[in-house]
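**Student:** Sharing a structure here in structure tokens format.
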Amino acid sequence: MSLNKEIAVIGLGYVGLPLAIEFAKKYKVVGFDIDKIRVKELKKGTDRTNEVSKKNLLASSNIIFTTDPNNMKNCDFFILTVPTPITKNNKPDLSIIKKAVMIISQVLKENSIVILESTVYPGVTENFLVPILEKNSKFKHKKNFFVAYSPERINPGETKYKLTNIKKVVGADSRSTLVKVSKLYGSIIKAGIHKVSSIKVAEASKAIENAQRDINIAFVNEVMMLSKALKINSNEVLEAAKTKWNFLSFKPGLVGGHCIGVDPYYLAEAGKKVNFDTKIILAGRTVNDSVPDYLLKNINRKLKKNSKILFLGLSFKEDVGDIRNSKAIVLVQKIKKKNYTIDCYDPRVNAQELKKEYSIVMNKPKSKYDCIILAVAHKEFVKMKKQDILKLTKDDSYIIDIKGVWNKKISHKFNNYWCL
Ligand SMILES: NC(=O)c1ccc[n+]([C@@H]2O[C@H](COP(=O)([O-])OP(=O)(O)OC[C@H]3O[C@@H](n4cnc5c(N)ncnc54)[C@H](O)[C@@H]3O)[C@@H](O)[C@H]2O)c1
């Protein structure tokens with residue numbers, strides 16, 4: 001791949017920014033985002049998602065961060081890494097992709113390749129993105145421009161598997177595009193490229209990865225609920241089952257975020273479009289979405305009116321500050337509607353963002369609480385010393401340790417220790 005190629009990365013979030021920075025080690029990169037504040041921060045070397053360090057952000061002279069589409073006019077590749085959320089009715093919301101593609105349409109150069117990385121259902125690249133590009137540019141697909149799909153497979157907070165050591169799946173509209181796009185990614189991805197025969201295969205491969213995880217966790221969540229109903233220890237059940245080599249080990253818990261909690265709906269939509277009724281894919285969502293209510297019922301059974309609750313952990317998973325679609329926050333909102341007082345704390349979450357998005361004010365833990373709910377197993381909480389936990393509790397405090405991370409440390413101290 002010639003080094004004089006220019007790459008536009010559109011959408012500089014969790015996915016787009018690390019990708020843009022990696023490409024900038026070899027190519028000229030235009031990092032484009034519509035969020036003026038985000039672009040201003042990046043220019044100053046601040047990445048509020050904590051994926052890229054200040055040093056790495058400021059190190060490259062090959063990258064510009066911009067909100068001006070005209071800066072993308074010379075680009076040979078346009079890589080889209082914009083959000084793909086769901087609507088209030090759990091339908092895929094492709095409006096952000098549409099808006100971004102309209103912007104690209106205005107600056108598309110002849111013979112360029114547009115690559116979608118956002119998670120979508122099979123068919124979005126060819127049946128949704130291409131028509132928008134054709135309608136709004138002066139170009140025809142496969143004559144004047146080409147498309148490919150290559151899903152991003154990073155996990156937020158993951159330190160071992162990062163962008164360059166995860167195999168990259170690539171599907172394209174022709175053999176020649178597949179070769180070009182594979183070469184492009186191959187120049188930065190050390191783990192190698194997995195080429196597939198079509199764009200739809202690549203799109204499906206990503207959505208099913210996340211749907212599979214959702215279903216596996218839903219299964220252990222149901223096992224947990226069933227075990228508790230049978231008055232047996234669900235942890236012990238799972239630990240015992242795990243001793244067989246082919247038992248798949250997952251932990252019960254809250255499943256949120258913008259991937260696992262969302263992608264099954266994208267997959268189900270693909271089925272609907274061809275009159276195929278998916279049976280298992282959304283069953284996982286039903287079980288996992290019911291976990292906050294299951295926990296609330298338990299809290300209501302155990303706590304008296306006006307009890308003081310300390311709620312620890314608000315992000316959608318451990319060791320990240322991302323609060324999008326967090327089920328811990330769903331649980332807080334349900335608790336707030338009841339007759340309790342609640343202090344919420346998460347050392348990883350941005351307090352201003354939390355207040356703005358969910359009207360939740362964070363308070364550092366103080367005094368003693370009738371109940372502690374440890375919802376997200378951030379390292380900071382896992383490492384808390386026994387004495388520090390005891391300082392926040394009374395002898396009869398109720399401890400809901402959703403992930404069971406304090407089990408060995410303190411469960412013997414409380415009659416009311418409960419984990420999933
Ligand atoms: N976060 C992850 O770990 C992860 C992992 C794998 C796949 N994905 C998928 O990647 C996609 C992006 O996710 P993310 O977490 O990086 O999202 P994000 O919200 O962190 O970042 C998206 C960025 O796109 C920008 N944007 C929105 N509309 C735009 C437009 N019209 N033009 C240019 N920029 C625009 C936003 O301002 C934001 O900075 C989603 O489809 C997601 O499902 C995410």
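All of the numbers you see were taken from the coordinates with simple rules; none came from a lab. If you're wondering where the values come from, they're calculated on a predicted model, not measured in any experiment. Using ideal geometry, Cβ is built from the backbone for each residue, glycine included, and neighbour counts are taken over all protein chains shown.
**Student:** So, counting K/R as plus one and D/E as minus one, what does the shell of residues with Cβ under 13 Å around residue 248 add up to?
**Tutor:** +4
**Student:** Considering only 388, 289, 401, give the residue with the highest GNM mean-square fluctuation for the chain, with springs between Cα atoms whenever their separation is below 10 Å.
**Tutor:** Comparing 388, 289, 401 in a Gaussian network model of the chain, the most mobile one is 388.
**Student:** Under the rule of -39500 (n - 2.57) per DSSP H run of 4 or more residues, summed and divided by the residues of the chain, what mean residue ellipticity at 222 nm is obtained, to the nearest 500 deg cm²/dmol?
**Tutor:** -11000 deg cm²/dmol, from helical runs alone.
**Student:** Of the options 79, 189, 268, report the single residue whose Cα projects farthest towards the positive end of the charge dipole of the chain (beta-carbon charges: Lys, Arg +1; Asp, Glu -1).
**Tutor:** The one lying farthest along the dipole's positive direction is 189.
**Student:** Further, regarding this structure: Please compute, over every Cα-Cα pair in segment 4-116, the percentage with a separation greater than 17 angstrom.
**Tutor:** Taking all Cα-Cα pairs of segment 4-116, the fraction more than 17 Å apart is 52 percent.
**Student:** Taking loop as defined by DSSP and a crowding limit of 11 other beta carbons within 10 Å, which GluC sites (Glu not before Pro) in segment 26-129 fit?
**Tutor:** Here the GluC sites (Glu not before Pro) that fit, given the DSSP loop and packing criteria, are 110.
**Student:** Along each principal axis of its Cα atoms, how long is segment 88-217 end to end? Whole angstroms, biggest number first, please.
**Tutor:** For segment 88-217, the Cα extents along the three principal axes come out at 45, 40, 25 Å.
**Student:** Find how many whole Å separate the alpha carbon centroid of segment 301-319 from the alpha carbon centroid of segment 37-66.
**Tutor:** What the calculation gives is 35 Å, centre to centre.
**Student:** Using only the alpha carbons, work out the radius of gyration and Dmax of segment 6-197 in angstrom.
**Tutor:** Rg and Dmax of segment 6-197, Cα atoms, are 15.7, 44 Å.
**Student:** Report, largest value first, the span of the C-alpha coordinates of the chain along each principal axis, in whole Å.
**Tutor:** 72, 48, 38
**Student:** Report the trypsin sites (Lys or Arg not before Pro) located in segment 155-205 that are in a DSSP loop and have at most 15 other Cβ atoms inside 10 Å of their Cβ, or state none.
**Tutor:** 160, 162, 167, 190
**Student:** Run the numbers on segment 152-240 and let me know its relative contact order in percent, using alpha-carbon pairs under 8 Å that are six or more apart.
**Tutor:** Answer for segment 152-240 is 22 percent.
**Student:** Residue 154: net charge of surrounding residues, Cβ under 10 Å, Lys/Arg +1, Asp/Glu -1, itself excluded?
**Tutor:** -1
**Student:** Can you tell me, using C-alpha contacts under 8 Å and at least 6 residues apart, the relative contact order of the chain as a whole percent?
**Tutor:** 10 percent
**Student:** Mind running the shape call on segment 281-346? Use the C-alpha gyration tensor, a ≥ b ≥ c as the square roots of the eigenvalues: rounded below 1.5 for a/c, prolate if a/b tops b/c, oblate otherwise.
**Tutor:** Judged from the Cα gyration tensor, segment 281-346 comes out oblate (a/c at least 1.5, b/c at or above a/b).
**Student:** I've got another one for you. Just to be sure I understand: with springs between alpha-carbon atoms less than 10 Å apart, which residue in 207, 100, 172 has the highest mean-square fluctuation in the Gaussian network model of the chain?
**Tutor:** 100
**Student:** Once all Cα-Cα distances of segment 209-289 are split into 5 Å bins that start at 0, what whole-number percent is in each one?
**Tutor:** Taking every Cα pair in segment 209-289, the percentages come to 3, 15, 22, 20, 16, 12, 7, 3, 1.
**Student:** Rg/Rh for segment 290-420: what does it come to with C-alpha atoms and Rh from Kirkwood?
**Tutor:** Over the Cα atoms of segment 290-420, Rg/Rh equals 0.92.
**Student:** A follow-up question, please. At a threshold of 8 angstrom on Cα-Cα distance, excluding pairs fewer than six apart, so keeping six or more, what relative contact order does segment 270-420 reach in percent?
**Tutor:** Relative contact order for segment 270-420 comes out at 21 percent.
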